[in-house]
Structure formats: C-alpha cells, structure tokens
1. So, in the range 159-185, how many residues would count as being free of Cβ contacts under 8 Å to residues at least 24 places away in the same chain, part of a loop (DSSP other than H, G, I, E, B) and of a type in the set (S, T, N, Q)?
2. For the structure I just gave you, tell me whether Thr111 is assigned to a strand (DSSP E or B) and surrounded by fewer than 20 Cβ atoms within 10 Å (Cβ to Cβ).
3. Considering only the range 94-106, I want to know if a residue exists there that is more than 23 Å from Leu49 (Cβ to Cβ), without any contact (Cβ under 8 Å) to a residue 40 or more places away in the chain and within 22 Å of the chain's Cα centre (by Cα).
4. If a residue must be within 30 Å of Gly148 (Cα to Cα), at pLDDT below 70 and not hydrophobic (A, V, I, L, M, F, W, C), how many such residues does the range 211-262 contain?
5. In the range 61-78, which residue that is within 13 Å of Leu150 (Cα to Cα) and over 18 Å from the mean Cα position of the chain (by Cα) is surrounded by the most Cβ atoms within 10 Å (Cβ to Cβ)?
6. Out of all the residues in the range 59-79, which are in contact (Cβ under 8 Å) with a residue 40 or more places away in the chain, among the acidic types (Asp, Glu) and either outside any loop (DSSP other than H, G, I, E, B) or touching a helix residue (DSSP H, G or I) at 6+ places or on another chain (Cβ under 8 Å) (or both)?
7. When the residues of the range 114-134 are filtered to those that are within 15 Å of Asp194 (Cβ to Cβ) and β-branched (Val, Ile, Thr), which remaining residue is surrounded by the most Cβ atoms within 10 Å (Cβ to Cβ)?
8. Testing Asn54 on (1) surrounded by fewer than 18 Cβ atoms within 10 Å (Cβ to Cβ); (2) more than 27 Å from Asn231 (Cα to Cα), one condition comes back false. Which one is that?
Amino acid sequence: MTTGETARKRPPLFRFQAALAAFAGLVLFAGFLALGIWQLERREWKLDLIAAVNARVAAAPVAAPGPDEWSSIDFAGDEYRHVVATGRFLRGKSVFAQATTDYGGGFWLMTPLMDERGFTVLVNRGFVPYRDFPADADLGESEATVAGLLRMSQPDGAFLRSNVPAEGRWYSRDVTAIAAWENLSDPVAPYFIDAGSPLAHTPPPNAEMGAPPPGSVDYPVPGLTRIAFRNSHLQYALTWFAMAGLTLVGAVVVIRHGRRRPR
C-alpha cells in the first residue's frame with residue numbers, strides 16, 4: 001500500500017486529531033511570532049525612552065510648567081524634564097511615600113511648595129529612612145529654589161497595595177490623592193518634582209548593606225531618581241522567535257511521522 005493510499009484510509013478520528021494538532025501548532029506559531037515582534041517594538045520604545053531621558057536629565061533646568069501648560073503635559077513628552085521652581089514650603093503638609101533606594105528601604109519625603117507664581121507643586125525632597133523623620137526641621141521661613149526632575153503622578157498605589165491616607169501609608173506618589181488629603185490650595189500641579197540631580201549623586205559605599213548608620217548621612221537625600229532602565233527586549237524577542245521556530249519544526253515532524261506510520 002502506498003503512502004497516499006495509507007493517508008486516504010486513515011479513520012475519521014485520526015484525521016480530526018491531526019487537524020486539531022495542526023491548528024494548535026499554527027496558533028502557537030502565530031502567538032510566539034507576535035510576541036517576538038511585540039518585544040522588538042518594545043525595544044524600540046525603550047531605546048527612545050532612554051535617549052529622551054538622558055537628554056532631559058542633562059539639559060539645563062527650565063521653569064516648572066504653570067497652570068497654562070498643564071493640559072498638554074504627558075509622560076512621553078515631559079517625564080524626567082529638568083525643571084526649577086521657587087516658592088515657600090508648606091509646613092505640616094508633608095507625607096511619606098514608600099521607597100526602595102541605594103540606601104535601603106525607607107520613604108520619600110513629599111512636601112508641597114507654594115510656587116511664587118501662585119500654584120502648589122509637590123516636591124520629593126529625598127529619601128529618609130523612617131516615617132517619623134522631622135519633616136519641617138530644615139524648611140526655614142525664606143523662599144527656596146528647587147531644581148529637579150518632573151515626574152508624572154502615580155495614582156492608585158502600588159501593585160496589590162492601595163494607598164491608605166488615614167494611616168499615613170502611601171505606596172505611590174499620587175498627587176491628586178495627596179493634595180486632597182492634605183487640603184492643598186488649588187491649583188495643584190498634576191506632577192511632582194524629584195529634587196536633585198541623579199547625575200551628581202554618588203551612591204554610598206555600603207549601598208549593598210542597606211541604609212548607612214545614623215549621623216553618617218544628611219537626610220533627606222535628594223537626587224536618587226532612577227534613570228537607568230533595563231532593556232532585555234532583544235533577548236526576549238529572540239526567545240519567542242526560537243519558540244516559534246521550534247513549534248514549526250515540531251509540526252513538520254508530527255505531520256511526516258503521521259504520514260509514514262500505518263494504522
């Protein structure tokens with residue numbers, strides 16, 4: 001009996017199983033291929049982001065956007081812009097947002113600044129190791145000028161952890177929620193400022209051991225914004241393309257084996 005005659009004599013159940021296997025293989029191949037292409041697109045996006053961030057961080061600071069510009073601010077065009085604001089810090093209005101840094105776990109000290117142009121903007125003054133840090137100790141009474149990086153609001157808390165304002169637990173720097181809880185005077189900027197420049201900051205020598213001992217560092221520590229982004233999308237893309245190739249090879253092997261094996 002020839003191979004063609006054998007194939008024609010396959011029972012219906014066998015032909016159905018073969019068709020189902022072929023369909024599943026096609027779906028897997030298309031899925032793996034799509035994932036690989038998506039990772040390449042993500043790689044291009046990440047490279048553009050890295051280039052934009054490096055350019056913005058190194059640029060000379062410009063005035064923090066005022067109310068007339070807020071409607072046009074977005075992540076793609078404004079995140080990590082180097083900005084400067086002048087005004088007076090508001091006493092008794094600071095909050096502590098959870099942070100993980102080169103100094104270990106602790107908190108970002110977020111204090112509102114009443115800008116001289118008539119609006120309020122939250123300023124991340126830097127890292128502190130504990131929640132009961134004396135937030136108003138070094139504010140003074142005179143105007144302060146803050147230079148740093150513009151950051152977009154981070155609403156809704158962190159992954160699986162919602163902000164709990166009543167308990168002073170902030171897992172993300174949600175500008176709208178902080179402004180409402182602290183009764184900040186409108187208008188409030190839809191962004192916050194990470195004070196300091198990460199380009200000028202040198203990590204502590206014992207960073208891998210956690211926070212330095214008390215007294216060895218002046219808190220809050222500014223300039224800890226992370227501007228280095230992991231970019232492994234090419235490796236992921238090659239992995240998905242390899243999976244697609246193996247799926248195709250496996251489908252060919254199964255089809256050829258099914259044709260040669262008599263029943």
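The values are calculated or read from the model by the stated rules, or taken from the named source; none is laboratory data. Everything quoted here is computed from the prediction, not taken from an experiment. Positions of Cβ are generated from backbone atoms using ideal geometry, with glycine treated the same way; all protein chains shown enter the neighbour counts.
1. Residues meeting the conditions: 3.
2. no
3. So far as the range 94-106 goes, no, none of its residues is more than 23 Å from Leu49 (Cβ to Cβ), without any contact (Cβ under 8 Å) to a residue 40 or more places away in the chain and within 22 Å of the chain's Cα centre (by Cα).
4. We begin by selecting, within the range 211-262, every residue within 30 Å of Gly148 (Cα to Cα); these are 211-233.
If we keep only those that are at pLDDT below 70 too, we end up with 211-216.
So of that shortlist, the ones also not hydrophobic (A, V, I, L, M, F, W, C) come out as 212-216.
Total meeting the criteria: 5.
5. If we take residues in the range 61-78 being within 13 Å of Leu150 (Cα to Cα) and over 18 Å from the mean Cα position of the chain (by Cα), then Ala64 is surrounded by the most Cβ atoms within 10 Å (Cβ to Cβ).
6. Hits for the range 59-79 are Asp78, Glu79.
7. Val121
8. (2)
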